[in-house]
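**Q** Structure provided below as structure tokens; questions to follow.
Where a number appears in this text, it was derived from the coordinates with a stated rule and is not lab data. None of these values were measured; they are calculated from a predicted model. Cβ sites come from the backbone with ideal geometry, for glycine too, and all protein chains shown count toward neighbours.
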Amino acid sequence: MTVTVINPATEETIATLESAGVDETDAAVARAKAAFPAWRAVSPADRGRLLRRLATLVEEHHEELSRIECDNVGKPISGARGEVGMVADVFHFYAGAVDKRHGETIPVAGGIDMTFREPLGVVGLIVPWNFPLNISSWKLGPALATGNTIVLKPAELTPLSAMRLAELALEAGIPEGVLNVVVGKGSIVGQRLVEHPDVAKIGFTGSTEVGRSVMEGAAATIKRVTLELGGKSANVVFADADLEKAAAAAPYAVFDNAGQDCCARSRILVERAAYDRFTELLIQATRSLKVGDPKRDETEMGPLISQSHRETVASFVETTPLFQGDTPEGKGYWFPCTLVEATNDDKVAREEVFGPVAALIPFDDEADAIRIANDTPYGLSGSIWTTDGARALRVARALDTGVLSINSNSSVRVSTPFGGFKQSGFGRELGMHALDGYTEVKNVYYSTEG
Ligand code: NDP
């Protein structure tokens, strides 16, 4: 079986690869298992040194990696450059972090009690197609730093950057067998990793539906799992907010990466008193978004990942949109920026579109905003726009959401924890919190009695 890799902006084939099956997956797990004892024995500072070298190589290959992501995902080159920059920063962060998380000594009778953080062993990392290298690095950084060995399964649609990264890891001096990349179908390679008795943990990012099956599959071997799943995040705009600023930022919060972003603020909740004015400003800002050739520096939105995904996204636009932008003519899986008016009960407000479609929903007051924002099975990210500081913090505490920003739409920073509440998953990536997800606490009691 082969994997055909397509550029979604041109529909051209950019690579044809062998698709791995169960045997290749088992072989990769065996390589990772064999490499584990020596890798865990490398001192944390030396593992950090190797990760730092990898970070430097990513910087040296910044443009090459950005172009791979641009061609393979169809994402604008400016966005791809930002993401690859973050990949290097993530490896730098964990290179420096690994020897700064210490154990404890606990006062007990008759001896000394201490804790250690041990690596888990072979870790299976399963990542989606929307931010292939970026999301891989969020898992690889903490997992490698803490002494685990890896089998990484990129999405079949976007395997190229992970394959290149594995080459750079070898060039950095990370020993053979420590980082293995297997390209193949999720239902075969991914599922085998989930079932494999020698895999200690699955770090998964993807849809809530597949996340559920990962969790079920992991139960058989009591595997650890971290799940970063879907979202239906709210962008809550109060009437006292800086409406110009909020409206100028809102399109990027949902149309960035063509809306194929788990953090997309795809429900824009606006206080009724400001609804008409905000809507007018939002349409203006959305109209000026530059959609087109991802290779151009000025492009802000590219195509969707595939034809079938475009059909799924289109099925969410059931009413006449409030606004719909233009798309380039000809080849490419384009879909226009779309704003629709909705209630929170409509399909477009309940399900993850994963495309450039935002639902505008009015609310009456603070309590109503909190009620609507929380009325979703998801809880990944969100924003609150207001000039009332006390209200901003009151609402932030009331939202069942893992990652929030106030008067901003940013979600992700290298040094801060990222992850969801409710059906957006569990476990945290990035920051020092991610180190916990790739280690197990060991307690050792040393008797001092004669
Ligand atoms: P999927 O859940 O379909 O796929 C994610 C990964 O899982 C892919 O590598 C896929 O492989 C693999 N996979 C598919 N089936 C199985 C299986 N049965 N067992 C194990 N692995 C499997 O998601 P998408 O790739 O379509 O990505 C979009 C989704 O990811 C969205 O819902 C989005 O919200 C979510 N996401 C969440 C993020 C977060 O941090 N919370 C970040 C980014 C995306 P393959 O595709 O090769 O078959």
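**Q** Determine the sum of side-chain charges near V340: Lys and Arg each +1, Asp and Glu each -1, restricted to other residues whose C-beta is under 12 angstrom from that of V340.
**A** Numbers: positive: R267, K347; negative: E318, E341, D346.
Surrounding charge for V340 is -1.
**Q** A further question on this structure: Tell me the net charge near V58. Cut-off is 14 Å between Cβ atoms, V58 excluded, with +1 for each Lys or Arg and -1 for each Asp or Glu.
**A** Numbers: positive: R52, R53, R67, R81, R164; negative: E59, E60, E63, E64, E69, E83, D89, E167, E171.
Within the 14 Å Cβ shell, the charges total -4.
**Q** Follow-up question, since we're still on this one. Exposure proxy check: L243, L360 ranked by fewest other beta carbons within 10 Å?
**A** If I rank by nearby Cβ atoms, fewest first, I get L243, L360.
**Q** Only helical DSSP H runs with n ≥ 4 go in: add -39500 (n - 2.57) per run for the chain, normalise by residue count and round the 222 nm mean residue ellipticity to 500 deg cm²/dmol.
**A** Taken over the chain, the calculation gives -12500 deg cm²/dmol.
**Q** If one takes the longest principal axis of the Cα atoms in the chain, at what angle in degrees, from 0 to 90 and to the nearest 10, does the Cα axis of helix 22-41 lie?
**A** Between the helix axis and the principal axis of the chain, the angle is about 60 degrees.
**Q** Now, a different point. Enumerate the amide H contacts of V270 below 5 Å, restricted to partners 5 or more residues apart or on another chain; note that Pro and chain-start residues carry no placed amide H.
**A** Residues meeting the criterion, in which the H sits 1.01 Å from N, are V237, I361, F363.
**Q** Looking at the calculated P(r) for region 284-331, what percent of the C-alpha pair distances fall above 17 Å?
**A** Beyond 17 Å sits 46 percent of the P(r) for region 284-331.
**Q** Determine the alpha carbon to alpha carbon distance for each of K75/K185; K245/K347; K223/K295; K185/K442 and list only those over 32 Å.
**A** Details: K75/K185 22 Å; K245/K347 28 Å; K223/K295 41 Å; K185/K442 36 Å.
Table pairs above 32 Å Cα-Cα are K223/K295; K185/K442.
**Q** Of F204, F238, how do they rank once you tally other Cβ atoms within 10 Å and put the fewest first?
**A** Ascending Cβ contact count within 10 Å gives the list F238, F204.
**Q** Modelling each spin label as a point 7 Å along the Cα-to-Cβ direction, I'd like the K331/R212 distance in nm, to one decimal.
**A** 3.8 nm
**Q** Cα convex hull of the chain: mean projected area in nm², to one decimal?
**A** Its Cα hull, projected and averaged over all orientations, spans 23.1 nm².
**Q** Using a basic spin-label model with each label point 7 Å from the Cα along Cα→Cβ, how many nm lie between T319 and R277?
**A** Each label point is offset 7 Å from its Cα along the Cβ direction, giving 2.4 nm.
**Q** Taking a cut-off of 20 Å between Cα atoms, list the aspartates and glutamates near K290, but don't count ones fewer than 8 places away on the same chain.
**A** Counting by Cα, and skipping residues close in sequence, K290 has these aspartates and glutamates nearby: E69, D71, E83, E244, D256, D261, E280, E298, E300, D326, E329.
**Q** For the chain, find the longest principal axis of its Cα atoms and tell me its angle to the long axis of helix 208-219, 0 to 90°, nearest 10.
**A** Around 20 degrees separate the two axes.
**Q** What whole number of Å gives the distance from the Cα centroid of region 206-266 to the Cα centroid of region 48-120?
**A** If we compute the Cα centre of each part, the gap is 22 Å.
**Q** Let me ask you something else. Largest first and to the nearest Å, give the Cα extent of region 7-113 along each principal axis.
**A** 71, 37, 22
**Q** Students often get this wrong: which residues of region 219-235 have the backbone nitrogen under 18 Å from the point 7 angstrom along Cα-to-C-beta of D368?
**A** Counting only backbone N, you get 234-235.
**Q** Please order E341, E156 by the number of other Cβ within 10 Å, starting at the fewest.
**A** Lowest count first: E341, E156.
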